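These notes concern the structure reproduced below.
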Amino acid sequence: MKLGALEAGGTKMVCAIGDETGKIFEQVSIPTETPEITIPKLIDFFKEREVDALGIGCFGPVSLNKKASNYGSITSTPKLAWKDYNIVGAFADALHCPIGFDTDVNGSVLGEVTFGQAKGKNCVIYLTIGTGVGGGIYIDGKLLHGMVHPEAGHVLIRKRSDDQYEGKCPYHKTCLEGLAAGPAIEERWGKKAVELADKTEVWDLEADYIAQALMGYIVTLSPEMIILGGGVMHQEQLFPLIRTKVSELLGGYVEAKELEDMEHYIVPASLHDDQGIMGCLELARRALSEEE
């Protein structure tokens, strides 16, 4: 089968053609402008290649309830040109094929459990820490939606006493995104994360905030693996710091064999930054199988 995959991001749209095994035959990147400029280019790409189904992993917030009147729409995004835009409807009208749709981070966790290191696990969290912070959660073969979809980047964090930064998030200030995303790092320290690689104080504070969030996810969702991706997590020195701090915060309360091997429990993404697009291929395959 020929499957289309669209990883719809705020700065770029990654389009790919692949199959149900996760193999990618072709991949291109198109800048994210307004829907009027961007969507016709995306439609042309997939239409020319006559895909059997399309999977979309989209920046959000988005409406995932198929019974809702605005299903398939981007909702309260700060990217105002895309607010209330029905992205699923645009592709369904143009391509006349099944469309799988979810958040970009749910797409990433789906890629990891279908084709990557989390294969065979029942409960997995994928957290991306970059321009923003988002979480995808996979439980018992399904992507977690619930009332809307997880907004794991907006859990509130206990700010450290030596941190005078007020927080970047316009909604919550001191949520994980407000304290630990790339823009917060840059605003707090006056330089981008990549320019601060040798500053131990930067990464000790960053690891502290990420570990607080992970501890909360562990005691509420009991994941069998936590995968950390996104631009900030390219600072690999963060991983041992986070693992140590998570263990300290848990204080031995949760007893599980996974927590005895933190190197294989809190891990970087495994699919060479293609986990999102590969998850979109699986979204397309699932959408196709539902219609057969």
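The values are calculated or read from the model by the stated rules, or taken from the named source; none is laboratory data. These figures come from a predicted structure and were not determined experimentally. Note that we place each Cβ from the backbone using ideal geometry, even for glycine, and neighbour counts take in every protein chain shown. Just the protein is used for accessible areas: all its heavy atoms, side chains included, with ligands, DNA and RNA removed. Shrake-Rupley method; radii C 1.70, N 1.55, O 1.52, S 1.80 Å.
Summary of values
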quantity: Contacts under 7 angstrom Cβ, first residue in region 1-26 being more than 14 Å from Gln275 (Cβ to Cβ), partner modelled with pLDDT under 95 and outside any strand (DSSP E or B), 6 or more apart; calculated: Ala8/Phe59; Gly10/Phe59; Gly10/Lys79; Asp19/Met1; Glu20/Met1
quantity: Filter result (open to solvent by 60 Å² or more (accessible area, probe 1.4 Å) and over 17 Å from Gly100 (Cα atoms)) within region 45-68; calculated: Glu48
quantity: Gly216 vs. criteria closer than 30 Å to Gly18 by Cα and within 23 Å of the chain's Cα centre (by Cα); calculated: no
quantity: Enumeration of residues in region 149-183 that are assigned to a loop (DSSP other than H, G, I, E, B), of a type in the set (A, V, I, L, M) and touching a Leu at 6+ places or on another chain (Cβ under 7 Å); calculated: Val155, Ile157
quantity: Selection from region 1-44 of residues that are surrounded by 18 or more Cβ atoms within 10 Å (Cβ to Cβ), out of contact with any helix residue (DSSP H, G or I) (no Cβ under 7 Å at 6 or more places or on another chain) and of a type in the set (Ser, Thr, Tyr); calculated: Thr38
quantity: Leading residue by the ranking (farthest from the chain's Cα centre (by Cα)) among those in region 1-28 that are of a type in the set (S, T, N, Q) and over 15 Å from Trp82 (Cβ atoms); calculated: Thr21
quantity: The one condition in (1) under 26 Å from Ser270 (Cβ atoms); (2) touching a residue at least 40 places away in the same chain (Cβ under 8 Å) that Asp52 fails to fulfil; calculated: (1)
quantity: Among (1) farther than 23 Å from Tyr71 by Cβ; (2) at pLDDT 95 or above, the one test that His172 misses; calculated: (2)
quantity: Matching residues in region 257-292 - criterion: being among the hydroxyl-bearing types (Ser, Thr, Tyr) and free of Cβ contacts under 8 Å to residues at least 40 places away in the same chain; calculated: Ser289
quantity: Selection status of Val124, under 29 Å from Val232 (Cα atoms) and either of a type in the set (A, V, I, L, M, F, W, C) or surrounded by fewer than 18 Cβ atoms within 10 Å (Cβ to Cβ) (or both); calculated: yes
quantity: Failed condition for Glu260, given (1) over 23 Å from Gln164 (Cα atoms); (2) touching a helix residue (DSSP H, G or I) at 6+ places or on another chain (Cβ under 6 Å); calculated: (2)
quantity: Among (1) in contact with a Pro (Cβ under 8 Å, 6 or more places away or on another chain); (2) surrounded by 18 or more Cβ atoms within 10 Å (Cβ to Cβ); (3) under 30 Å from Glu36 (Cβ atoms) - the single one Thr75 does not satisfy; calculated: (2)
quantity: First in region 197-220 and of a type in the set (Ser, Thr, Tyr), second anywhere and part of a helix (DSSP H, G or I), Cβ under 6 Å, 6 or more apart; calculated: Tyr209/Leu179; Tyr209/Ala180
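Rundown of residues vs (1) among the hydrophobic types (A, V, I, L, M, F, W, C); (2) part of a helix (DSSP H, G or I); (3) in contact with a Lys or Arg (Cβ under 7 Å, 6 or more places away or on another chain); (4) within 30 Å of Val88 (Cβ to Cβ), yes/no style:
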| residue | (1), (2), (3), (4) |
| --- | --- |
| Met233 | yes, yes, no, yes |
| Ile242 | yes, yes, no, no |
| Leu249 | yes, yes, no, no |
| Tyr253 | no, no, no, no |
| Leu259 | yes, yes, no, no |
| Asp273 | no, no, no, yes |
| Gly279 | no, yes, no, yes |
| Glu282 | no, yes, no, yes |
| Ala287 | yes, yes, no, yes |
